[in-house]
Amino acid sequence: MGLEARTHVLPYYEINHSEISRIRVFPTPEEAAQAAAEEIIGLVRVNPQAVITYATGDTVIPLYENLARAAKEGRVDFSETSGFHLDEYYPCGPNINEYPHGFVAYLRQRVFGPLGIKNANEMNGLAPNPDAEAERYDSLLSAKPIDLAILGIGPWSDETQTGCHIAFNESGTPFDQRVHVRTLDPVTLARDRQERGQNSPEKALTQGIANILEARKIILLAFGEKKGQSLRATLFGKIGSQRPASALRLQGHKVILFIDEAAASQLGKV
Ligand code: F6R
């Protein structure tokens, strides 16, 4: 891995992988988030009506802050783009006081509002029939091919050999599944309790891996040593439903990983 300056502003180096075309390593999460934002800004400038799926979570917060700043400064216009959710807890509503962990509130506050996205397609985590809601959302996605999916990655447990979710596709999710209702893995629920102090609902609505792999481009962000362990299992373990993120290796030509040094430090430890 040699240090290879590719941009004037943000130096990074790339890790070679036989299936994932671009794994870019930046010194810090801030720089990685800034570079990912520039990639997305470039995409929206070329395609002002881009259809974009947005992850929630902690990792992508600095990315969304960069995008919001660029929109405010008039460097990019998201108003004609369409936005989609990756997932939502179930049951869960948009009222942040009632559901502080909800993804609708998160996306309204950090993405749809600040970026001025008029066509925001929200998942209804309070739908009386969640399977019907999954079907409704899937037909919205089928009608609008996704130009870009922005992803984070879930924790991996060596002990249970489960984890590495993308959206809420937990270990065991078949790669051909579309939007569906999912029971969350104990690894995810433990992460929510320990790292976020939140008792999450045990179920979620989520785009399936099939929906994600259909995107024309996929950007995944991962920072820190723990995420490095998830990446190690994803990139160098067996491809299969036990490690849902490993599905990305089947469409690796569309995938760009933006990671930091701390995450990259784990990738040598196969
Ligand atoms: C959230 C989502 C999840 C997160 C993942 C990482 O919409 O789809 O897959 O991306 O759980 O979460 P953070 O970034 O909080 O570590």
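The values are calculated or read from the model by the stated rules, or taken from the named source; none is laboratory data. These figures come from a predicted structure and were not determined experimentally. Here Cβ is always computed from backbone atoms with ideal geometry, including for glycine, and neighbour counts include all displayed protein chains. Keep in mind that these areas ignore ligands, DNA and RNA; they rest on the heavy atoms of the full protein, side chains included. Shrake-Rupley method; radii C 1.70, N 1.55, O 1.52, S 1.80 Å.
Residues in segment 209-244 that are without any contact (Cβ under 8 Å) to a residue 60 or more places away in the chain and closer than 23 Å to TYR54 by Cβ: ILE209, ALA210, LEU213. Can you say whether GLY93 is part of a loop (DSSP other than H, G, I, E, B) and on the phi > 0 side of the Ramachandran plot, as far as the supplied structure shows? Answer is no for this residue. Filtering segment 144-157 to residues that are farther than 12 Å from ASN211 by Cα and among the hydrophobic types (A, V, I, L, M, F, W, C) leaves ILE150, LEU151, ILE153, TRP156.
Figure legend. Inter-residue proximity from segment 104-126: first residues at positive phi, second residues surrounded by fewer than 17 Cβ atoms within 10 Å (Cβ to Cβ), beta-carbon distance below 7 Å, spacing 6+ or different chains. Indicated pairs: GLY116/SER79.
For every residue, the table says whether it meets (1) under 23 Å from TYR137 (Cα atoms); (2) more than 10 Å from the ligand (Cβ to nearest atom).
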residue	(1), (2)
GLY152	yes, no
THR162	no, yes
PRO174	yes, yes
ASP185	yes, yes
ASN199	no, yes
LEU213	yes, yes
ARG216	yes, yes
ILE219	yes, yes
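The number of residues in segment 118-135 being under 27 Å from LEU43 (Cβ atoms), surrounded by 13 or more Cβ atoms within 10 Å (Cβ to Cβ) and more than 16 Å from the ligand (Cβ to nearest atom) comes to 1. Taking the condition out of contact with any strand residue (DSSP E or B) (no Cβ under 9 Å at 6 or more places or on another chain) and of a type in the set (Phe, Trp, Tyr), does PHE223 pass? Considered against the rule, which asks whether it is out of contact with any strand residue (DSSP E or B) (no Cβ under 9 Å at 6 or more places or on another chain) and of a type in the set (Phe, Trp, Tyr), PHE223 comes out as no.
Just one of the numbered conditions (1) assigned to a strand (DSSP E or B); (2) touching a helix residue (DSSP H, G or I) at 6+ places or on another chain (Cβ under 6 Å); (3) farther than 20 Å from ILE20 by Cβ is not true of ASP176: (1).
Looking across segment 196-231, just one residue is open to solvent by 50 Å² or more (accessible area, probe 1.4 Å), part of a loop (DSSP other than H, G, I, E, B), modelled with pLDDT of 95 or more and closer than 20 Å to HIS101 by Cα, and that is GLU202.
Before we move on, is SER82 surrounded by fewer than 18 Cβ atoms within 10 Å (Cβ to Cβ) and in contact with a strand residue (DSSP E or B) (Cβ under 8 Å, 6 or more places away or on another chain)?
No.
Residues in segment 232-242 that are open to solvent by less than 40 Å² (accessible area, probe 1.4 Å) and touching a helix residue (DSSP H, G or I) at 6+ places or on another chain (Cβ under 6 Å): THR234 alone.
Annotation: of all residues in segment 18-74 being touching a Ser or Thr at 6+ places or on another chain (Cβ under 8 Å), open to solvent by less than 30 Å² (accessible area, probe 1.4 Å) and not in a helix (DSSP H, G or I), the one that is nearest to the ligand (Cβ to nearest atom) is ILE52.
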